[in-house]
Structures are given as C-alpha cells and as structure tokens.
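Take a look at the structure set out below.
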Amino acid sequence: MLKPAERSTLYKEVTEQMLLAIKNGVWKVGDKIPSEMELAERFQVGRNCVREATKSLAVSGILEARPGQGTFVSPVALRKIMAYELFDYMNEERAWIELMQVRAALESDLAYLAAERATAEDIRRLEEIVAKSTRANGKYHPSDQEELMVHSDFHEAIAEIAGNNFALKLLRSIKTEINEHRKKYWEFDEKIWEKMIKAHKQIVEHIANREPEKARHLMRKHLLESIEDYKKLKKNDK
C-alpha cells in the first residue's frame, strides 16, 4: 500500500515506494500507473517530486510513457529493477568490500583458466596493457580517465582469454562504478598504484609460464589486498 513520503528524503522515498509497488504486484507489468496528480496526493508531496521520480524510472526502463495514454509498467520492469537496485547499492560504502570479495572468488579462477588457455598473442596483449600502466605510473595521476582504464583493461583481458563471456560482460557493466571509486580513494597514494602494477606483472608471468595455480593465488591476493588498501585509505580520510 502506498503511504505518505518522509519529508527529509522525498525524491528517494517516492522512487522507492513506486519500485515497491511494482515488486509487490500492486502495479503489474503492463499496468497504467496512477496519474501524477493522484500520486502526489497519495504520497503527500508536490507534483514536481512525482514527476522527477517517474522520469527517473522511465529512463531506467522500469516505466514507459506513452503519449496521450499515460505511464505504464514496462514489460522488462522486474529485470530492470534488479539492475537499478544493484547499482544503487554500489553507492554504499560496504558494497565496495563485498564487490572485491566476489571479484576475488571469480577472477582467481579466470586467471587459472587464462594460464591454461592463453596463446602467444594473448600474452603479448597482457604485456602491452602492463606496459601502458608502467608508462602511466611515470606521470602518476590515477584520476585521469585513461589511466584508470588500464586497470580495467587488464582484468577484462584475462576474462576474455579465459573464455568466460559472462564474466567479461559483468566486469564491463561495473567498470564505471569501479573506476569512480578507485579515483576517489587511490589518487592520494602512489604506492597503491605501484603495487597494482607489480601484481599485474607477476600475474602475467604466471600466465605466460603456464602456472595456473600461481596465477589463481596471486589474483586472489591482489584483489583481497585492495580491500585492505581501501580500509586504510578510508581510515586516513576521516
């Protein structure tokens, strides 16, 4: 049931209640939602607030506006809500730690597979990416978008070499969020960037030498250490 929104967080509260109405089946796929005026009355907020919440959900593909007819629940609303909530959750502080734990579990196995499957051309590609990060380190400034992409390119290349398209698409889908977080906390500590480059070089060596267990172990260590680095930087930031 819809209820009045809290005054301190109007926009977010209205958006969350609209999402809840869809998830709970109050508004089903294909349903026309109440008018802007009716929603404003139910939530006890201004029409502008409802309009912005509706527009946000329409942009996300959860709602769809049909000229002359109204606004309807999208056929892919439930799937879009899952993605919407995931990326919204990634703004929370603890999400970074949980994400890196998941990546450590996933990407350690990708490194193992890459060490088994990498061709000579794949090795050259990884070495070129590491070389780019080394050059970037010479003019260290990880808030630069090009330099931030070097780290993402390395991990995506390993997923591709491992032959796991799902993992590759997953890494690409969260690239922006990862780089924004990295830019926020890494730009003040050059040692973290240098440690990352060293780990990448060693992982490539294990892949090139067909040492899957060593590649898996080092990838896991590399990503879990990112959690500890984050905690230290966050503590110093207080």
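The values are calculated or read from the model by the stated rules, or taken from the named source; none is laboratory data. Since the model is a prediction, treat every value here as computed from it, not as a measurement. Glycine also receives a Cβ, built like all others from the backbone with ideal geometry; neighbour counts cover every protein chain displayed.
Restricted to region 59-74, and to residues there that are in contact (Cβ under 8 Å) with a residue 12 or more places away in the chain, assigned to a loop (DSSP other than H, G, I, E, B) and of a type outside the set (Val, Ile, Thr), the residue that is surrounded by the most Cβ atoms within 10 Å (Cβ to Cβ) is Ser74.
Once region 4-58 is narrowed to residues that are over 17 Å from Met82 (Cα atoms) and of a type in the set (Phe, Trp, Tyr), the residue that is surrounded by the fewest Cβ atoms within 10 Å (Cβ to Cβ) is Tyr11. Remark: Glu107 matches the filter, which requires a residue to be out of contact with any Asp or Glu (no Cβ under 9 Å at 6 or more places or on another chain), at pLDDT 90 or above and acidic (Asp, Glu). Answer with yes or no whether Met100 is touching a residue at least 24 places away in the same chain (Cβ under 8 Å) and under 30 Å from Tyr230 (Cβ atoms). Taking the combined requirement at face value, the residue satisfies it.
Can you say whether Leu78 is surrounded by fewer than 16 Cβ atoms within 10 Å (Cβ to Cβ) and assigned to a helix (DSSP H, G or I), as far as the supplied structure shows? In short, yes.
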